[in-house]
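Here's the structure we're looking at; comments come further down.
What follows is calculated from the coordinates using simple rules that are stated; it is not laboratory data. The shown structure was predicted, so the numbers you read here are calculated from the model rather than taken from an experiment. Here the Cβ positions follow ideal geometry from the backbone for every residue, glycine too, while neighbour counts run over all protein chains shown.
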């Protein structure tokens, strides 16, 4: 595709790939930092952004991108699992100390 359309295709592919790479690396990193620091709003905002991205992408993206969507869904699911486990353990510890 790049060779048929030349620089025009390259100009379209590079920004999209860069944004996807940032989401692929940045999403787990931001969610991990938000969970470790206990910032509930940050976890919710980033997760909402990623879920909206996945939902809208399902409408327009080709089926090949499904692996990327599954990865993002798994990251979001694991983040919520870790976050709610952390919150419940904190509540259990504070309940036993009283």
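Sorting 49, 69 from the fewest to the most surrounding beta carbons within 10 angstrom yields 49, 69. Shape annotation for the range 44-98: C-alpha extents along the principal axes are 55, 18, 10 Å, from largest to smallest. If you take the Cα centroid of the range 68-92 and the Cα centroid of the range 17-45, the two points sit 12 Å apart.
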